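The values are calculated or read from the model by the stated rules, or taken from the named source; none is laboratory data. Computed from a predicted structure; not experimentally measured. We place every Cβ from the backbone using ideal geometry, glycine too, and count neighbours over all the protein chains shown.
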Amino acid sequence: MKGLAENLKSILIILLVVALALMSALRLMEIQVVGDDTIKNQVTYSDDAITYTKQVKAARGEILDYNSNIIVTNEPQSNLVLEKAFFPSDLKEGNKTLLGIYNALKDRGYEYKDSLPITPDRPYVFTVEDSTDVIENLNLNVYATAENCVDKLISDNEIDESYSDEEKRIIAGMRYDMIEKDFAYSNDLVLAEDIDETSVIEFKELSNFYKGIDIVESSSRKIERGDILPHEIGTVGPIYAEEYDELKSKGYAMNDSVGKSGIESAMETQLRGQNGEEELIVEDGLIKSDKPIEETVSGETIKLTVDGNYQLKLQGILENFLTNFPSINPRPESLKNVRCGAICVLDAKTGAVKGMATAPTYNLKDYSENYDYFLKIEDSPLVNRCTYGLYRPGSTFKTITATAGYNEGLVDGNTTFFCNQRYMYYGTEYRCTGRHGSISMRRAIEVSCNSYFYELSSMLGIDNITKYAQLYGLGQSTGLETGDAPGYLCNPETFAANGQEWYIGYVIQAGIGNQDCGMTPLQMAVVASTIGNRGVRYQPYLVDSYYEYGTNELVKKTEPTIAQQIEVNYDDMYDYIIGGMVDASANVPAQYSLSNLGFDVAIKTGTPQTGKDLEEQNSFFIGFAPADDPEIAFAGVIEGGEYSKYMIRDIILAYQECYGLNGVKPSASSKLPAEVRPELTTGTTTTTGTDIITTSSTATTDSDTVSTTTEYNDDHQQQTTAQSYQNEPATAPITEASSEDYVTTMLPPEIYDPQGDQASTSTTD
C-alpha cells in the first residue's frame, strides 16, 4: 500500500507540472498571438473583421525660458513599427517575417537591439545581475538559466532547426520584445526610430513582403539650448519595464516616452498632454474603417522663471572666477585645485529662481549623446551643486543665530559681549578672527566675530539653534518642483541617527555654522531672502507659467507661496541683522565694490573649514539687494577657495541688465546668443564654453592686486588649536562624517557632499 501511495503521489505531481506547463504555454500564446487587448475588451471579432482601438499620441509641450526662447521642443521623425493587426498569426510565418525585417534594417544601417538581457552567442549568460523579470515573463522557475530562457523562447515560438544559432537568437529576442513591450492591437512594437527618407520609401515597398510593418509619423524631443539649466531641464526617455505597471494605469503605452528627470519629469502631467483614441476595423488585411473616438489634447508649454541670457551670464561669472582664481589666491601653497562652485539667485519678492550656475557643468546635448563620458569625469559635473551640493554654511549661519538670540529676548541691539580673541568653553579654548573688544550684534555680524556668537550660542542651546534653522527652511526640502537635498542640521538627533557621539562643544560650533551640517546654496539663498523680507520665507519655484501648445494663450501662472512667516517678537530685530550685513558689504576692494551701485547691498560671508584634518576650506556668501527693499537674493559657494564675495557685484549688475533692478529697466536683448558647444575632452572638468562671460560693470580699476592681509583676517575662519584642560574633551578629536548617507552620485541627482570626513575641533571665522 505504501508503494501504491507513493506512485499515486508521483503521478499527481507529474500531472500538476504538465498542467502548469500547458497553462503557461497557453498564456504565452495568448500574449503573443491574441494579445492582452482581448482581456481588456478592446478587440472584437465579427466574421473576418477585427475591430480595435489605438492611441493617437499627443504633442508634448515645449519648455521656454523667461523671454519665451525655446529650450526644448519637438522634432518630427518617421518610425518603423510592427502592427499586430497585420502581423502573421502563424508562428513560423511570423518568425520568417521577423528575421526578414531584422536583415532589412541591418542592410540600411539600422540594427535592431532587443531587450532580452542575454548574450547574443552561446554559451548564453544573463547580462544583468537580477534576471527575475526575464524568468517571470517566460513563466519559468526561479532557478532557470539563460540557456533555459532562450530554449523556452525557441520552443514556444516554433523557431525550427532550419535557422542558425545566430538567427534563432535574433528571432527569440524579437519574440521576447513582444512580451516585454506589450505588443498588442493597441500597442505597436517600435522597430527603429528616425528612419531616413530613402529608407522610409523602401520600407513602405517592403510592407508587401513583411506583413505588419508600417511607417508612423511621430516626434522626438529636440534640445534647442543644451547650455541653459541642463540639470533642471532634464531628459525624456523610453518607459522601462519596471515603470510600466504603474504608468499603463495612467494611459501610457509601452512605446511611449516619459520624463526621466528635471522639469521633464516634474511637469510630466502638464507636458505630456492627453492622448487621443481611434477605432480601426481591419478586414482581409486591409483597414476598412478608421474613425476618431477621442481627440488628442496637446501638452502645455512651460515657461520658466529663468532668463536664458542671465543664466549664461551667471555661468560665465562663476567660471571666470574659477579660471582667474590664481590671480587672487591669498594662499597659493594651500588653496589649490579650485574648480568647483555654485551660485543661486532668487526673486526676493516671490521666491522665483532667476538663475542657478554650477561648475563644472555640461551641455544637455552632450549628456544625451555621451552619457558614459560624464560618469568618468572628476568633480561630478552631473550634480547641480545649487540644489544637491551640501556644504557647511560657515559664518553665513550667524544671521540665524542672531535671529534666535534676539527673538528669544536673550540680547538686543545694544547688548555687548567682550572679545579678546580667545574663548573658553568647558575647558577648551576657541579663537576668534581678531580682538574686537566690547562688541554688539551689528558689529559682530559685520566683522564676523566668533566670540560674540559663541557666547550667544551657549545661551541659546542647541534646541533653539535647531528651531530657528528650521524656521529658515534648513534641514528640509525647499519644495522646488525638480527636487533638492533636504540637508542636515547639527544637533544630537542628527548625530545619533548617524551613529556619531555628540559633545557639548558642538553647540557653539553649530551656532557659527562650522560643525557637521549640510546646506545647499539654494537653501541659503532662501535664508537670505527671508532675512531681506524680515521673516517671510517664500518657497522657491522654477515654473513661471503654462500656455496652450503652439499659442500665447495663458493657462496658469504660478503664484508665490509663503512657506513660513517667522513670528517676530521685536520690531527692530532685523534692523540690526540687516545693518550688520550692509556694513559687511563695504569690506570689498574697489574692483569688486558694492558701495557705488546706487543702493545698499546686504551680504554675509563665511569660510567654513572642511576635510578630515580641517586643512581645507570653502568660501560661502549670502545676500540681497537693495537692502531696504530686496528684489534679488543670492547665495554662492566656491569649493576649496576664498573671496567668493568678489562675484557679487557682477551677479547684481547682470541681474539689473537682464531683469531690471531698483527702478532700472532691463537693457539686455531678449534673444539668446549663439550656442557655443565645446569639444569634449578627457580633462577633469567641463564647462558650457559660453562666450557670455562678462557683465556691463563699469567700476573696474587698473589691474588691482588684492591685499590679503586685512581681508584675510576679517573674513577667514581661522583654525583653532584646541587646548583641552580636562580629560574628557568638549569636542570630539575626530568625527567620521556620515559618508554613506551623503554620497556623490550621478543623475538622477543624489546628495553631493564635498566635505568628506571632517574633524570637529575647530572654529570658524
Give me the pairs, please: first residue somewhere in the stretch 354-372 and over 22 Å from R221 (Cβ atoms), second residue anywhere and surrounded by 24 or more Cβ atoms within 10 Å (Cβ to Cβ) and of a type in the set (K, R), beta-carbon distance under 7 Å, and either six or more positions apart or on two chains. T358/R385
What's the total number of residues in the stretch 502-517 that are of a type outside the set (A, V, I, L, M, F, W, C) and in contact with a helix residue (DSSP H, G or I) (Cβ under 7 Å, 6 or more places away or on another chain)? 4
As an exercise: evaluate Q311 against (1) farther than 24 Å from L672 by Cα; (2) not assigned by TED's automatic domain parsing to the domain that holds P521 and give the number of the one condition it does not meet. (1)
If you take the residues in the stretch 599-645 that are in a loop (DSSP other than H, G, I, E, B) and among the small types (G, A, S), which one is farthest from Q656 (Cα to Cα)? G611
The stretch 471-522 - residue that is under 21 Å from F624 (Cα atoms) and of a type in the set (V, I, T) and, of those, surrounded by the fewest Cβ atoms within 10 Å (Cβ to Cβ): T478
Of everything in the stretch 572-598, what is at pLDDT 95 or above, assigned to a loop (DSSP other than H, G, I, E, B) and buried (at least 16 other Cβ atoms within 10 Å of the Cβ)? Give them in sequence order. S585, S593, L594, L597
Of the residues in the stretch 466-504, those that are acidic (D, E) and either touching a strand residue (DSSP E or B) at 6+ places or on another chain (Cβ under 6 Å) or over 14 Å from M524 (Cβ atoms) (or both) come to E481, E493, E501
Verdict on T73 being under 23 Å from the mean Cα position of the chain (by Cα) and touching a residue at least 24 places away in the same chain (Cβ under 8 Å): yes
Run down I71, I101 and say which single residue is under 23 Å from F203 (Cβ atoms) and outside any loop (DSSP other than H, G, I, E, B). I101
Members of the stretch 277-308 found to be within 30 Å of E675 (Cα to Cα) and β-branched (V, I, T), listed by number: T301, I302, T305, V306
Consider F453 carefully, then state whether it is touching a strand residue (DSSP E or B) at 6+ places or on another chain (Cβ under 8 Å), hydrophobic (A, V, I, L, M, F, W, C) and modelled with pLDDT of 95 or more. no
Suppose the filter is within 30 Å of G641 (Cβ to Cβ) and of a type in the set (K, R); does K313 pass it? yes
Restricting the stretch 524-563 to residues that are in a helix (DSSP H, G or I) and of a type in the set (A, V, I, L, M), the one nearest to D629 (Cα to Cα) turns out to be I531
Yes or no: the stretch 659-670 includes at least one residue that is among the basic types (K, R), assigned by TED's automatic domain parsing to the domain that holds I577 and either surrounded by fewer than 22 Cβ atoms within 10 Å (Cβ to Cβ) or modelled with pLDDT under 50 (or both). yes
